[in-house]
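Structure first, then comments.
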Amino acid sequence: MNRLSNETMNNITGGAISRAALAAIIAGGVFIVGVIDGLIRPLKCHK
């Protein structure tokens with residue numbers, strides 16, 4: 001087994017979710033909830 005240096009260990013990436021992917025997942029969830037809410041409880045536009 002090889003011993004890794006601190007620099008090598010700090011450069012290892014993997015399995016992490018990017019901020020953009022997390023934001024896209026949250027935005028998709030909010031959109032789906034909004035669509036379901038609009039179907040279940042439609043509100044009239046007041047002009």
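Before moving on, here are some points about what is shown:
- Of all the criteria given as (1) surrounded by 10 or more Cβ atoms within 10 Å (Cβ to Cβ); (2) among the β-branched types (Val, Ile, Thr); (3) in contact with a Leu (Cβ under 9 Å, 6 or more places away or on another chain), the one not satisfied by residue 8 is (3).
- The set of residues in the stretch 32-45 that are open to solvent by less than 100 Å² (accessible area, probe 1.4 Å), of a type outside the set (D, E, K, R) and assigned to a helix (DSSP H, G or I) comprises 32, 33, 34, 35, 36, 38.
- Residue in the stretch 22-31 that is at pLDDT 85 or above, open to solvent by less than 100 Å² (accessible area, probe 1.4 Å), assigned to a loop (DSSP other than H, G, I, E, B) and small (Gly, Ala, Ser) present: no
The values are calculated or read from the model by the stated rules, or taken from the named source; none is laboratory data. Treat the numbers as computed from the prediction; the structure is a model and nothing was measured. Positions of Cβ are generated from backbone atoms using ideal geometry, with glycine treated the same way; all protein chains shown enter the neighbour counts. Heavy atoms of the whole protein, side chains included, go into the accessibility calculation; ligands, DNA and RNA do not. Shrake-Rupley method; radii C 1.70, N 1.55, O 1.52, S 1.80 Å.
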